[in-house]
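The structure under discussion appears below in the form of structure tokens.
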Amino acid sequence: MPLTGVKNVVLVLSGKGGVGKSSVTLQLALALSLQGKSVGILDIDLTGPSMPRLVGLEDAKITQAPGGWMPVPVHSAETATESTSQTQRGSLRCMSLGFLLRDRGDAVIWRGPKKTAMIRQFLSDVFWGSTDYLLIDTPPGTSDEHIALAEQLLTLSTIDAAVAAQSGVPRLAGAVLVTTPQAVATSDVRKEANFCVKTNIPVLGVIENMSGYSCPCCGEVSNLFSSGGGQVMAQELSLPFMGSVPIDVKFGELVEGKMEPGDSDDEEEGETPQTESQEAPAEPDDRPLVERYRETWSYPRFEGFAQTLVNSIEGPAAAS
């Protein structure tokens, strides 16, 4: 059956493009994994699939199994026992159209019906196995992809927790809305909140992304631009406000790589930048992405967001 083994489905939505839905989806997934939950990420941004690049697996390919397409593993589950305490890390897997393209520069030029068919195939033909949370990263807007997703999910799952527990059907737990503080963004996200009301999808909370700038050295947050717009919008719409996230250079370096002298395209070919001392190249960090994520300034915030989600969906006892 479609989504067999998936317990909870959470959508990450925003009516505005460029607000960081994909980075929020990834960080929520990593934080949930560090709380011992098995997590899947389904990237349905068909014309701009960015999840393969964010997880550092652009060259990975989808494999076919008797149960359907197998999602790409990002990291496996791990259990570490230390004296009296036991720390668990759940697995993380990812599915994206980016894994099916021959080249990451290939354009996906599809009309609405083909997009709809692809989303239905993602929801019916992917074998997730035992998964506590399936996070769905969506494109901006409220059009074809969102309508197809809502219709299919409302058919394959239920928003009733009691029915989900008794029947084993996946629970459509709700949606997390992502915005930036600016009014031009919050006005579009209001439309997404209205979309959730009309499709009967519960809103779990609002995250205000890119709210200030986090110093890469000390973590102090400076409000270079505006802040607080997402919180005001959440209050006006009577939606839970989960918190704000400043721009984190450490997270950017984690998924994009650290800029080194000579990386800029502005420098002429063959020109060597002048530096006071030539530093030896750093040793490559072979640790899994999830372990390196612990060292970012964003992790404590998303750890709190993940706990809020688990409390809201499973109850306070599940997050302890």
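Computed from the coordinates by the stated procedures, all read-outs in this text should not be read as laboratory data. The structure presented is a predicted model; accordingly, all values stated were derived computationally and were not measured. Reconstructed Cβ throughout: ideal geometry from the backbone, glycine too, with neighbour counts over all protein chains shown.
Computed over the chain with a Gaussian network model linking Cα atoms closer than 10 Å, the most mobile of Gly257, Gly90, Gly243 is Gly257. Only Cα sites of the chain enter the Debye sum here, all with the same form factor; the resulting log10 I(q)/I(0) across q = 0.08 1/Å is -0.38, listed in q order. Over the range 138-253, the hull volume per residue, using the convex hull of the C-alpha atoms, is 133 Å³. Within the range 152-222, none of the GluC sites (Glu not before Pro) combine a DSSP coil assignment with at most 10 other C-beta atoms in a 10 angstrom radius. Note on the chain: with a GNM built from Cα contacts shorter than 10 Å, the maximum mean-square fluctuation among Leu57, Leu309, Leu204 falls on Leu57.
First measure r as the distance between the Cβ atoms of Asp103 and Ile147, then evaluate 1/(1 + (r/R0)^6) with R0 = 25 Å and state the FRET efficiency to the nearest 0.05.
On the way: r = 30 Å, r/R0 = 1.19.
So, using R0 = 25 Å, E works out to roughly 0.25.
List Ser23, Ser227, Ser167 from most exposed to least, where exposure is judged by having the fewest other Cβ atoms within 10 Å.
Numbers: Ser23 22, Ser227 18, Ser167 10.
Ascending Cβ contact count within 10 Å gives the list Ser167, Ser227, Ser23.
For trypsin sites (Lys or Arg not before Pro), the sites in the range 96-190 that DSSP calls loop and that have at most 16 other Cβ atoms within 10 Å are Arg102, Arg104, Arg111. Specify whether the C-alpha gyration tensor of the range 95-194 places it in the rounded, prolate or oblate class, a ≥ b ≥ c being the square roots of the eigenvalues: rounded for a/c under 1.5, otherwise prolate if a/b is larger than b/c and oblate if not. Taking the square roots of the gyration eigenvalues as a ≥ b ≥ c, the range 95-194 is oblate. Exposure proxy ranking for Thr158, Thr186, based on other Cβ atoms within 10 angstrom of each Cβ and starting from the fewest, stands as Thr158, Thr186.
For the residues Glu151, Glu295, Glu283, a GNM of the chain with alpha-carbon springs under 10 Å puts the largest fluctuation on Glu283. When the helices of the chain are scored as -39500 (n - 2.57) per DSSP H run of n ≥ 4 and the total is divided over every residue, the value at 222 nm lands at -10000 deg cm²/dmol.
Mean separation of Cα pairs under 8 Å and 6 or more residues apart, divided by the residue count, gives the chain a relative contact order of 22 percent. Computed over Cα pairs, the Kirkwood radius of the range 8-71 leads via Stokes-Einstein (1.002 mPa s, 20 °C) to a diffusion coefficient of 160 µm² per second. Within the chain, DSSP assigns beta bridges of which about 25% are antiparallel (rounded to the nearest 5). Chymotrypsin sites (Phe, Trp or Tyr not before Pro) within the range 113-210: which are DSSP loop residues with at most 14 other Cβ atoms inside 10 Å? Of the chymotrypsin sites (Phe, Trp or Tyr not before Pro), not one in the loops of the range 113-210 has a Cβ with at most 14 other Cβ atoms within 10 Å.
If you rank Ser22, Ser50 by fewest surrounding Cβ atoms within 10 Å, what's the result? Spell out each step's value before the answer.
Numbers: Ser22 24, Ser50 19.
Taking fewest neighbouring Cβ atoms as first place, the list is Ser50, Ser22.
For the chain, the tally of Lys pairs with Cα-Cα distances below 17 Å comes to 4, considering only residues 8 or more apart or on different chains.
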